[in-house]
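The values are calculated or read from the model by the stated rules, or taken from the named source; none is laboratory data. If you're wondering where the values come from, they're calculated on a predicted model, not measured in any experiment. Cβ placement follows ideal geometry from the backbone for every residue including glycine, while neighbour counts extend to all protein chains displayed.
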Amino acid sequence: MTKRETVKEKLTTHAVILAGGRGTRFWPRSRTRTPKQLLNIVGKHTMLQQTVARLRPLIRPDCIWTVTNAEQAAAVRKQVPVAARKRVLTERVGCNTAAAIALAAIHVRHAARGDALMAVLPADHYIELDKKYREIVSAALDVARHPGRMVVLGIPPTRPETGFGYIERMSESIGLKGFHVFPVLRFTEKPEVKLAQEYVATGNYHWNAGMFFWRVSTFLENLKQFLPKTHAALEKLSTFIGTRSYERKLRAIYPKLENISVDYAVLEPATRAEGAPRVFVIPAEVGWSDIGSWGAVHGLLLDKNSTDRNVFVTPGYALDASGNLISCPGKIAALIGVHDLIVVDTPDALLVCPRDRAQDVGKIVKWLEEQKLKKLL
């Protein structure tokens, strides 16, 4: 066994699940304490539970970390495996993904007593092809074992989507385990329709799904280079992990961290850095969806053989009605002559909107905040 192989065997793999979002576009089901990732939006299990289940063959339960906020921490602990409950990290304020991932990184390093591999994953995304997904994750972790390399999964675009960020890859692949691995040329912002159409046509662009893989040491080295203030603050905090002073220091330090995404803070400048490529993308055709709205739920749950294209999450009947999504627990919903609607009923609120306006549901939440209707948030 070579020296490199010996080092490889000693690296444990940890998963960091980001679970702090509110999921406002899934109101009225999604609320502050029970957001999208804690709901069974698609399937019997919650989005967080599905995310954990996909990882179990690859990562031990005691190596699964979840970053969330104070309002959701108790509910998150109930949904993760028993061995992962002590790995739930609570942000005192939301400081975006760079801070959340960096907080997890110092905890993983402390638990591993040194370097380790990290898989960073959203809690609320849908993956249809679990087996293929795990194979790609395994390949991504193998690439990330090399010091200095960071890996992102790229979703081959199926349409000129303007709501996602894009990853432009180079043409030469360093294939591994039967998968193409491309150096990243650049990350691009959410484009206008015409530019998005060009991206799709070239075949060199992928949607950025926010799934990252790297060594803890690699990530922290890049954080130190590109976001030094946050790095220094969290290195200070790391000296208090496991002590009685930790929570007090966390409350004092965390709100002062820079509020910036990991893409802007680390990945984008790393792609522009001189020298050998640091960031790589693996195309991942795994039936991915960020399930960004009730409209997306309609698409995922729709029976391809359905003639009326209605989706009844709860029991109901449609007469001369089509293209609707209905969720009305505890009652029968009857539709007559209506088309392409979203209808979601809860004990204290009812949502009715055209399916093509599902992205605007978050505006209702903003209105509720303005009206100070806290019981509905």
Complete set of residues in region 174-192 that are out of contact with any Gly (no Cβ under 8 Å at 6 or more places or on another chain), modelled with pLDDT of 90 or more and among the β-branched types (Val, Ile, Thr) | VAL184
Top-ranked residue of region 99-133 - restricted to ones that are in contact with a Lys or Arg (Cβ under 7 Å, 6 or more places away or on another chain) and assigned to a helix (DSSP H, G or I), ranked as surrounded by the fewest Cβ atoms within 10 Å (Cβ to Cβ) | ASP130
Number of the exception - TYR199 against (1) under 22 Å from the mean Cα position of the chain (by Cα); (2) surrounded by 13 or more Cβ atoms within 10 Å (Cβ to Cβ) = (1)
Residues of region 181-205 classified as out of contact with any Pro (no Cβ under 6 Å at 6 or more places or on another chain) and closer than 19 Å to TRP288 by Cα, total = 6
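Tell me, please, whether a residue that is of a type in the set (Asp, Glu), closer than 30 Å to SER238 by Cβ and touching a helix residue (DSSP H, G or I) at 6+ places or on another chain (Cβ under 6 Å) can be found in region 251-264. Working first, answer last.
Of region 251-264, the ones of a type in the set (Asp, Glu) are 258, 263.
When the remaining residues are screened for being closer than 30 Å to SER238 by Cβ, the result is 258, 263.
Those still in the list that are touching a helix residue (DSSP H, G or I) at 6+ places or on another chain (Cβ under 6 Å) too: 258.
Checking region 251-264: at least one residue is of a type in the set (Asp, Glu), closer than 30 Å to SER238 by Cβ and touching a helix residue (DSSP H, G or I) at 6+ places or on another chain (Cβ under 6 Å).
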Answer with yes or no whether TRP207 is among the hydrophobic types (A, V, I, L, M, F, W, C), buried (at least 18 other Cβ atoms within 10 Å of the Cβ) and closer than 28 Å to LEU11 by Cα.
-> no
